[in-house]
Amino acid sequence: MQRQPLWTREFWGMSLSSFFQYVTHYALIVALPVFVMDTLQGNDWQAGLTMTFFQFGAVFCRPLAGKWIDEIKKKTMLLVSLGLFLLVCMMYLGVGGLYFLLLVRLLHGAVFATGTTTTATVAALVLPARRKGEGIGYFAMFANLAMVVGPFISLWIMSRYAVRVLFAGCVVFALLSLWFGVRNKLPDIAGETAGRRGRLLEWDRFIEPKALPVALTGGLLFFAYTGVLVLLPLYAKQLNLYQYTSGFFAIFALAILTTRPLVGKLFDRSGANTVVYPGFVMFVLGLIGLSQMQGPSGLFAAGAIIGAGFGALTPAFQTLAVQSAPGYRAGVATATYFWALDISVGLGSILLSVLVTYIGYANMYLCAGAVVVLSAAVYACCAGRSPGR
């Protein structure tokens, strides 16, 4: 039987559109605290609000996004969500005070949730059924790359120019995201809409029940990962290793890139469990390594191990979330999964930061490893017993 193509024009478009949305997101995460304190004369707490308001917008809008995606033609959703994303990015150019910035961040979180959910849903729909695990793995890789590219671009621009040059660059990224997202004619399956209309507040129009076990598993995983994403630079600074943190994330990304082709093919050929359980083991070992590290070699080794584990788990869970529901519910299933991640990242940022003040960074990473073990237990009990996994 002829092998169905993976890298179609439509899949490239969704992947690159998602990439530029995430580049903008990660670039602003680095830039805005500096902008608030240096340009707007704010304090640390006010700088932190820029992320809090973004998360509020994302958490509120993510379930709505899934409902809209399933009830509105996908091409229309792409045009509207990515067009609004462009408008919000243009609003950064007019920021002159903290309150307006927080309003923009709230709107940015909402349109980011809508845009990334839409591109992820359409990408999953245009993939061949027999290669979904491999394809979603590659799609997720673009977001992982943005995690490195976004901060690099942000730091490079801010070291040479004013922060508003970065804001202008984000407008360019938003334009590219819009162009790649709407330039293709989507296949019929990506244009289908849900056949039923229920009551306005019927909860399963916003949440896909069949995706909840995977969403819970992924949420616990991302709760633990927040300790790496948010708190690692502070931990490294305490150990006089701050200058090596960029190397950690570069190795982290490289580990994802090198293992992603194998992981995706293994998922499709042998089932999810052959990818997920080794991924859990690697993630836990990497967090234990972080808790015990003393020098740059330990930091880099932990980056490689965590990258391999995280790179195996995240696309597997996203694929399982999409596969848990019928095709016309792909938007709600994707949104349910991402919504759990939004909530977990917000809670992790707060609770793990508080935990550090009581038990220190090393013990916090051991606790994060215990959360990953709990995630594995939830997966084994609720999400990993279906046939074919």
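Observations
- The chain: relative contact order in percent, alpha carbon pairs under 8 Å with at least 6 residues between: 26 percent
- Helix runs (DSSP H) in the chain reaching 20 Å along axis by Cα, Kyte-Doolittle at least 1.6: 74-91, 163-182, 212-229
- Lysines whose Cα lies under 16 Å from that of LYS73, excluding same-chain neighbours fewer than 8 positions away: LYS185
- Hydrodynamic radius of the stretch 36-137 by the Kirkwood approach over all distinct alpha-carbon pairs: 15.0 Å.
- Residues PHE152, PHE35 in ascending order of nearby Cβ atoms (within 10 Å, fewest first): PHE152, PHE35.
- Counting beta carbons within 10 Å around each of LYS185, LYS265 and listing the fewest first gives the order LYS185, LYS265.
- A Cβ-based charge dipole, computed about the Cα centre of the chain with Lys and Arg at +1 and Asp and Glu at -1, lands at about 920 debye.
- Rg over Rh, two decimals, the stretch 1-188 (C-alpha only, Kirkwood Rh): 1.01
- Extension gain (nm, one decimal) between LEU262 and ILE72, 0.36 nm per residue minus Cα-Cα: 64.9 nm
- On the basis of the beta-carbon distance and an R0 of 30 Å, LEU366 and LEU93 show a calculated FRET efficiency of 0.10.
- Among the listed pairs LYS74/LYS132; LYS132/LYS265; LYS132/LYS210; LYS67/LYS210; LYS74/LYS265; LYS67/LYS265, those beyond 21 Å (Cα-Cα): LYS74/LYS265; LYS67/LYS265
- Counting every other Cβ atom within 10 Å of each residue's Cβ, TRP339, TRP7, TRP179 order from fewest to most as TRP7, TRP179, TRP339.
- Values of log10 I(q)/I(0), in the order q = 0.11, 0.12, 0.13, 0.15 Å⁻¹, for the stretch 207-384 under a Debye, Cα-only, solvent-free model: -0.45, -0.54, -0.63, -0.82
- The alpha carbons of the stretch 1-43 give a radius of gyration and a Dmax of 18.8, 64 Å, in that order.
- Ranked from largest, the principal axis spans of the Cα set of the chain equal 55, 46, 40 Å.
- Straightening the chain between SER353 and ALA168 buys 63.3 nm, computed as 0.36 nm per residue apart minus the Cα-Cα spacing.
- Residues in the stretch 110-151 reached by a label modelled at ALA250 [backbone nitrogen below 20 Å; 7 Å Cα→Cβ]: 142-151
Computed from the coordinates by the stated procedures, all read-outs in this text should not be read as laboratory data. Since we're looking at a predicted model, the values are computed, not measured. Using ideal geometry, Cβ is built from the backbone for each residue, glycine included, and neighbour counts are taken over all protein chains shown.
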